[in-house]
Ligand code: AHM
Ligand code: MG
C-alpha cells in the first residue's frame, strides 16, 4: 500500500501551482525533474564508466569541458527543445543562446541553466549540481530573442537546482516558497521531503575560498574577521567548492556563501544569469538575500549572457553586513 502522505513532484506541482502557471510552467518544471533523473543516473556511474575526464573542448569561459558537463547540457536541450513550452535557452556550456529549432513550435518561457555546476569536483566524487531559472518572454509576438535572455533576476518566474549529493534533490521555487524533493532511487520519482524551506534565524556556517584572501577586495578580510568573532551564534567554516551544495547546506542550517571579486577576477567567478540570479531568487523566497556586495543580485540586468558577478548569498543579516564592509 502506498502511504497517502507520499507526495510526488507531479502531484505537488499540480496542487500548488497558481492557475496561470498550471500549464506550460508546471510542465517545464516536470521536464527538468526528468532531466535530473537522467543526469543523476549518469553521475552515479561516473567512477565506473569512461565518462570522467575532459571532453576535449574548451567552453566559452575558457574552461575545459568535462564529459559529464557536455552530457548534462545535451540532456537538458534534448528534453526541452521540442515541447513547445520554451522559446530559447541559455547554457553555461554554449557560447550563444540556444534558439528553438525552426521545425518545433515556440512557447512563452526562456530556460537558463548551468548543466553541471562545480564540475571540477566530479572526478573526486564530491556533490555537484544543476542550476536553472525560468523567465517569460518579453514579447509574445516575437518570443525567443537575445533581449528575452537578458532579464534581471527579479523577473524570474521560477528557479531551482538539482543537487547530486548523498541523495539527489530537486529544490525549486515558483514564487511561493522553496520546496525540496528527494529522488527515491527505487521508485525513480521525486518525493516531497522539504516543504517550505526557510533559512533558520540562527546561522551556522560561512563559506568562502580562503585561498584567495590575498586577492580579495577591501573590506572582505575585515568581514570574515567579523564572522569569526561572532559569539552568538559561533559560526563554523565550510566550503565545498560546488555552489549548489554550499548554498543548500547554508539554506538548511543557516549561513552565508560568498565568491567575491578578486584582483585577478574583478567580477568574481560566478555567472549572473544562470548561477547567481536563480540562487538569489531562491534565497529571497526562503527569507534570505543575495547581493553582489553593493546591491541585490536580483536588480542587476545582464548585458551579456555569460557575465560574471561577485556573489554573497544566505541569511539576510549576514549578507547585509558584507555590503557595509565592502561599500564601507
Ligand atoms: P563551474 O561553473 O566552472 O563549475 O564553477 C563554479 C564553481 C562554484 O560551484 C564554486 O562555488 C566555485 O566555482 C568554486 O571555485 P573555486 O575553486 O575558485 O573556489
Ligand atoms: Mg557553474
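Does residue 256 satisfy being assigned to a strand (DSSP E or B), in contact with a strand residue (DSSP E or B) (Cβ under 8 Å, 6 or more places away or on another chain) and surrounded by 16 or more Cβ atoms within 10 Å (Cβ to Cβ)? Answer is yes for this residue. Checked against (1) away from ligand 2 (no atom under 16 Å from the Cβ); (2) touching a helix residue (DSSP H, G or I) at 6+ places or on another chain (Cβ under 7 Å), residue 151 passes all but a single condition, namely (2).
Run down 181, 199, 247 and say which single residue is in contact with a helix residue (DSSP H, G or I) (Cβ under 9 Å, 6 or more places away or on another chain), over 16 Å from residue 312 (Cα atoms) and surrounded by 14 or more Cβ atoms within 10 Å (Cβ to Cβ). Steps first, answer last, please.
Numbers: 199 fails: over 16 Å from residue 312 (Cα atoms); 247 fails: over 16 Å from residue 312 (Cα atoms).
Among 181, 199, 247, only 181 is in contact with a helix residue (DSSP H, G or I) (Cβ under 9 Å, 6 or more places away or on another chain), over 16 Å from residue 312 (Cα atoms) and surrounded by 14 or more Cβ atoms within 10 Å (Cβ to Cβ).
Examine region 89-99 for a residue that is surrounded by 18 or more Cβ atoms within 10 Å (Cβ to Cβ), over 25 Å from residue 13 (Cα atoms) and more than 16 Å from ligand 2 (Cβ to nearest atom), and state whether such a residue exists.
First, pick out the residues of region 89-99 that are surrounded by 18 or more Cβ atoms within 10 Å (Cβ to Cβ): 89-93, 97-98.
Narrowing the set further to residues that are over 25 Å from residue 13 (Cα atoms) leaves 92-93, 97-98.
After this cut, where a residue has to be more than 16 Å from ligand 2 (Cβ to nearest atom) as well, the list is 97-98.
So far as region 89-99 goes, yes, one or more of its residues are surrounded by 18 or more Cβ atoms within 10 Å (Cβ to Cβ), over 25 Å from residue 13 (Cα atoms) and more than 16 Å from ligand 2 (Cβ to nearest atom).
Looking only at region 227-244, which residues are surrounded by fewer than 24 Cβ atoms within 10 Å (Cβ to Cβ) and either within 16 Å of ligand 2 (Cβ to nearest atom) or not in a loop (DSSP other than H, G, I, E, B) (or both)? Within region 227-244, 227, 228, 236, 237, 239, 240, 241, 242 meet the criteria.
From the list 283, 263, exactly one residue is out of contact with any strand residue (DSSP E or B) (no Cβ under 8 Å at 6 or more places or on another chain), farther than 18 Å from residue 90 by Cα and away from ligand 1 (no atom under 12 Å from the Cβ). Which is it?
Details: 283 fails: out of contact with any strand residue (DSSP E or B) (no Cβ under 8 Å at 6 or more places or on another chain).
Answer to the selection: 263.
Looking at region 190-211, is at least one residue at pLDDT 95 or above, within 16 Å of ligand 2 (Cβ to nearest atom), within 23 Å of residue 241 (Cα to Cα) and not in a strand (DSSP E or B)? Yes: one or more hits.
Under the condition of being in a helix (DSSP H, G or I) and more than 16 Å from ligand 1 (Cβ to nearest atom), which residue from region 100-150 is surrounded by the fewest Cβ atoms within 10 Å (Cβ to Cβ)? Here the residue is 147.
The values are calculated or read from the model by the stated rules, or taken from the named source; none is laboratory data. Every value quoted in this text rests on a predicted model; they were computed, and no experiment measured them. Every residue, glycine as well, gets a Cβ built from its backbone with ideal geometry; the counts of neighbours run over all protein chains shown.
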